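A.B. asks: Structure provided below as structure tokens; questions to follow.
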Amino acid sequence: MTFPAIDPVIFSLGPLQVRWYGLMYVLGFTASYLLVRRQIRAFSYKELKAHFENLNLILILSVVLGGRLGYVLFYNFSYYLQHPMEIPATWTGGMSFHGACIGVIIGGWLYVRKKDLNFWKCADLYVVTIPIGLGLGRLGNFINGELYGRASSLPWAMVFPGGGPQPRHPSQLYEMVLEGLLLFLILWFQKNKPWQEKKGWPHGSMLSLFLIGYGAFRIVVELFREPDQHIGFIFGFLTMGQLLSGLMILGGGLLWLLRMKEGYKKDKKRADPLRTGP
């Protein structure tokens, strides 16, 4: 198949360019904003309502800062060590999802701790909406013709402008479906469980489920995605994305066990007749 040549620039106003990739970021943040606000009302989490707008701003800044620093540290550290003045130049490209994830968790934790909010409740509200932005971002990657897959002879393989003459997996679309659509559906239909007081999961379980789910889907897609040329394979068979996603799964699994253990303690405490009132 021939890659559909879509102009990455939607329109220009003098030196200002509006690009599809940037629009995907805006749509992703907007969807997250609307869906989190909807959940706050549905679950009556009034404590967050007063800090909702400020927390959104902190999280957006954390995404950009964490994503850029993650790319610098994980994917091109030696280059930026020699060219430190280029680190802030996000407009030249180079963002890491794993770095953005770390940045959001740290930024969100610092803010809610300062405002005396429950971090686990806030995390569950936001994390179930993240796959929408991920899916839209991968669609933006496809339009840009970047982050394409490995060479393939499958009927739907495409010849990408920067990928040479060989047809390649449209791995951006694989990621859009798995890390975006499918992961969103899994999390969205489980989102009520942490808010079911007696039979539900403990708060924080949605965050751990997201970490495990994204990590697993990313590892699968990396089997079809072309490794970064300046990195190649680590240990001869792993991509950087697979290595970071494996650590993500381990972190999510550990968090799941810790949160479930905490939930078990609370359930046991409620069921203990010595702790109940008359």
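A.B. asks: Within region 199-216, count every residue that is out of contact with any helix residue (DSSP H, G or I) (no Cβ under 6 Å at 6 or more places or on another chain) and without any contact (Cβ under 8 Å) to a residue 24 or more places away in the chain.
C.D. replies: 1
A.B. asks: Between a residue in region 217-243 that is touching a residue at least 24 places away in the same chain (Cβ under 8 Å) and more than 19 Å from residue 164 (Cβ to Cβ) and any residue that is assigned to a helix (DSSP H, G or I) and aromatic (Phe, Trp, Tyr), which pairs come within a Cβ distance under 7 Å, given they are 6 or more apart or on different chains?
C.D. replies: That search, which allows pairs on different chains as well, returns 221/174; 240/74; 240/75.
A.B. asks: Would you pick out the residues in region 71-97 that are more than 19 Å from residue 245 (Cβ to Cβ) and of a type in the set (Gly, Ala, Ser)?
C.D. replies: Of everything in region 71-97, those that are more than 19 Å from residue 245 (Cβ to Cβ) and of a type in the set (Gly, Ala, Ser) turn out to be 78, 89, 93.
A.B. asks: So for region 10-20 (the condition being modelled with pLDDT under 95, part of a helix (DSSP H, G or I) and surrounded by 14 or more Cβ atoms within 10 Å (Cβ to Cβ)), does at least one residue qualify?
C.D. replies: Scanning region 10-20 turns up at least one residue that is modelled with pLDDT under 95, part of a helix (DSSP H, G or I) and surrounded by 14 or more Cβ atoms within 10 Å (Cβ to Cβ).
A.B. asks: Would you call residue 226 crowded, with 16+ Cβ neighbours inside 10 Å, within 22 Å of residue 170 (Cα to Cα) and at pLDDT 95 or above?
C.D. replies: No.
A.B. asks: Of all residues in region 21-39 being modelled with pLDDT of 95 or more and among the β-branched types (Val, Ile, Thr), which is farthest from residue 145 (Cα to Cα)?
C.D. replies: This residue is 36.
The values are calculated or read from the model by the stated rules, or taken from the named source; none is laboratory data. None of these values were measured; they are calculated from a predicted model. Here the Cβ is made from the backbone with ideal geometry for all residues, glycine too, and neighbour counts use every protein chain on show.
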